[in-house]
1. Here is the link list: Lys82/Lys150; Lys22/Lys178; Lys22/Lys194. Which ones come out longer than 27 Å on Cα distance?
2. Which net charge results when you count Lys and Arg as +1 and Asp and Glu as -1 among the other residues whose beta-carbon is under 15 Å from that of Ser66?
3. What is the set of long-range amide H partners of Gly186 at a cut-off below 5 Å, with H atoms built 1.01 Å from backbone N?
4. Work out from phi, with θ = phi - 60° and the Karplus expression 6.51 cos²θ - 1.76 cosθ + 1.60, the ³J(HN,Hα) of each residue of the range 203-215, listed in order in whole Hz, and give x for Gly and Pro.
5. Just add up the charged neighbours of Tyr76: K/R +1, D/E -1, any other residue whose Cβ is under 14 Å from the Cβ of Tyr76.
6. How charged is the neighbourhood of His25? Take every other residue with its Cβ under 14 Å from the Cβ of His25, and add Lys/Arg as +1 and Asp/Glu as -1.
7. Can you give the convex hull volume of the alpha carbon atoms of the range 42-222 per residue, in Å³?
8. Can you give the % of DSSP beta bridges in the range 42-222 that are antiparallel, to the nearest 5?
Amino acid sequence: MATTLGWTIIAAVYAAVSTSSKEIHFKCAAPWSRALLRITGVNVYTEGIENIQSTTSYIFIPNHTSFFDIFSLLAYLPVDFKFILKEELMRVPILSWGMRKAGYISISRSSPAKARRTLKGAINMIKKGTSLVIFAEGTRSYDGNLQPLKRGAFQLAMASGVPIVPVAIKGGNEIMAKGSFKLKKGAIRISVAKPISTETYGKEQMPALMGKVAESLRGMLEKP
C-alpha cells in the first residue's frame, strides 16, 4: 500500500508539471501500474507484441473481466494509448485529474448528444496519431467468457480508418473478479493479435468486422 501511495503521489506531482500526455503515460501510469502489480503478487506475461508498431495508431479491443486488466495493459502494452472510460470514473477525486491530464476520454451513457460530440473528438485524436483502448463489451464479464461486442469501437475505427487490434487478457477474473474486492496472487497473460484493417469495410459490413474481431478474441481466450 505504501508503494502504491508513493507512486500515486509521484504521478500526481509529475502530471502537475508535465504538459505531455505521452510522458505521463510512460513515466507515471506505466511504472505505477508495474509497481501495483508487483506488490499485489501479479505476474504478467505477453505474447504477440511484435504484431504492433509504436509509430502506428490502432484501436485496441480487449476483453474485460477485472480492474487488473487496466493495470496490466498500462504496464505491458508498449505503446502510448488512451482509454475511453465511463464518465463516472472521471469524477473520482485526484485520479480523475490525473486521467484527464493523461488524455483519457470520458463518454456519457446518459446523453447521446454529448456522447456523439465525444466520439467526434476521439476521431480527430486518432487521425492525429493517438491510439485508443476500448473495452467493447461495455462492462466486465463475471465468468471470463467474451460478451457481445458493442458497435461504438468499430464505428470509431471505421470513421478514422485505423486498424483494430484484438487483445485477449486471461487470468484477470481469477485475480479479482467482478463484484468482489477479494484479491488473489496469480498470473495474467496478454495476447496481442495481428491488426485487422478496417479500410475494406463499409457500414453494411460492420457486423462482419465485429464477428471477425470476436472470433479472434475467442480463439486466443480458448487457447490453452
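1. Working: Lys82/Lys150 19 Å; Lys22/Lys178 30 Å; Lys22/Lys194 24 Å.
Checking Cα-Cα distances, Lys22/Lys178 exceed 27 Å.
2. Details: positive: Arg140, Lys170, Lys178, Lys182, Lys184, Lys185, Arg189; negative: Asp69, Glu137, Asp143, Glu174.
Residues close to Ser66 contribute a combined charge of +3.
3. Sorted by chain and number, the residues that satisfy this are Val42, Asn43.
4. Whole-Hz 3J(HN,Hα) from phi for the range 203-215: 4, 5, 8, 4, x, 5, 5, 4, x, 5, 5, 4, 5.
5. Numbers: positive: Arg34, Arg38, Lys170, Arg189; negative: Glu47, Glu50, Asp69, Asp80.
Net charge in that neighbourhood comes out at 0.
6. Numbers: positive: Lys22, Lys27, Arg34, Lys82, Arg100, Lys101; negative: Glu23, Asp80.
Net of charged neighbours comes to +4.
7. Details: hull volume 21.6 nm³, N = 181.
Once divided by residue count, the hull of the range 42-222 is 120 Å³.
8. Values: 5 of 23 bridges.
Just about 20 percent of them are antiparallel.
Read the figures in this text as sums done on the coordinates, not as results from a lab. Since the model is a prediction, treat every value here as computed from it, not as a measurement. FYI the Cβ positions are ideal-geometry reconstructions off the backbone, even for glycines, and counts take in every protein chain you see.
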